[in-house]
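Notes to accompany the following structure.
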Amino acid sequence: MRVYVPLTLPALAEAYRTGELGPGPFTAYAVTPALREWYLSDDLEELEYAALNRAAVASLRLLAVDPGCPRRRVVVAVDVPDGTAVPDPDRGLDPGALGEVRIARAVALARAAAVHLDSEEARADVTAAAAALGAADLGDDDARFVVDGAEDHDLLWYATQEIPGLIAD
């Protein structure tokens, strides 16, 4: 099963140093039954893209609570054994939990398939979105527009062998 783990650049550096994502339990995103129902698509590639985007929003939330972090969203795509990633049954079809799964234990970074990261050009929009996220959550339409500006940037794809260069920035 492919899961998408939201991180920050310092968290990616720590995962690289330790060789694992975690410790568990931690939150990731995947193609869950609730996400399939919400997205109304049978196209696995589209569903995985939706799960990746949900993880990108979660990465933005991590940036919002850590002002010292470089302002680039990071998502690691990881292949885990079936049954490792479990949706929270109490959250059901809560729109905030679509695609959200819990992973009980640390996962070896060697299981990563790719790293997704904002381009340098997205930095200003991501910085503004992280600052506006709280107001957007409270219903401020102008703040929501700012957050959507960051979501307009697609994350770039990097091979796992490129992690040392990514964390050196």
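Rule-based calculations on the coordinates, nothing more; no lab input. All values reported here derive from a predicted model rather than from experimental measurement. Cβ: placed from backbone, ideal geometry, glycine included. Neighbour counts: every protein chain shown.
For Ala114, enumerate residues with amide H under 5 Å from its amide H, sequence gap 5+ or separate chain, H modeled in the peptide plane.
Residues meeting the criterion, in which the H sits 1.01 Å from N, are Ala77.
Sort all Cα-Cα distances of region 83-169 into consecutive 10 angstrom bins from zero, then give the percent of pairs in each bin up to the one containing the longest distance.
Final binned percentages: 14, 28, 38, 20, 0.
If the elastic network links every pair of Cα atoms under 10 Å, which of Ala77, Ala13, Ala55 fluctuates the most in the Gaussian network model of the chain?
Highest fluctuation of the listed residues: Ala13.
Using a Gaussian network model on the chain with a 10 Å cutoff between Cα atoms, which of Val107, Val74, Val65 fluctuates the most?
Maximum fluctuation in the GNM of the chain, among the listed residues, is at Val65.
What does the convex hull of the Cα atoms of the chain come to per residue, in Å³, rounded to a whole number? If you can, show how the numbers build up before the last one.
On the way: hull volume 19.3 nm³, N = 169.
Residue-normalised Cα hull volume stands at 114 Å³.
Asp88 to Asp42: extension gain in nm, 0.36 nm per residue of separation minus the Cα-Cα distance?
Extending this stretch completely gives an extra 14.3 nm.
How much length is gained if the chain between Asp66 and Trp157 is pulled fully straight, taking 0.36 nm per residue apart and subtracting their Cα-Cα distance, in nm to one decimal?
In short, 30.4 nm is gained.
With each label point set 7 Å from Cα along the Cα-Cβ vector, what nm distance links Tyr49 and Ala110?
Rounded to a tenth, the inter-label distance reads 3.3 nm.
Over region 5-139, what is the relative contact order in percent, taking alpha-carbon pairs closer than 8 angstrom and at least six residues apart?
After rounding, I find 37 percent.
If you average the alpha carbon positions of region 24-82 and of region 87-159, how far apart do those two centres end up, in angstrom?
Their Cα centres are 6 Å away from one another.
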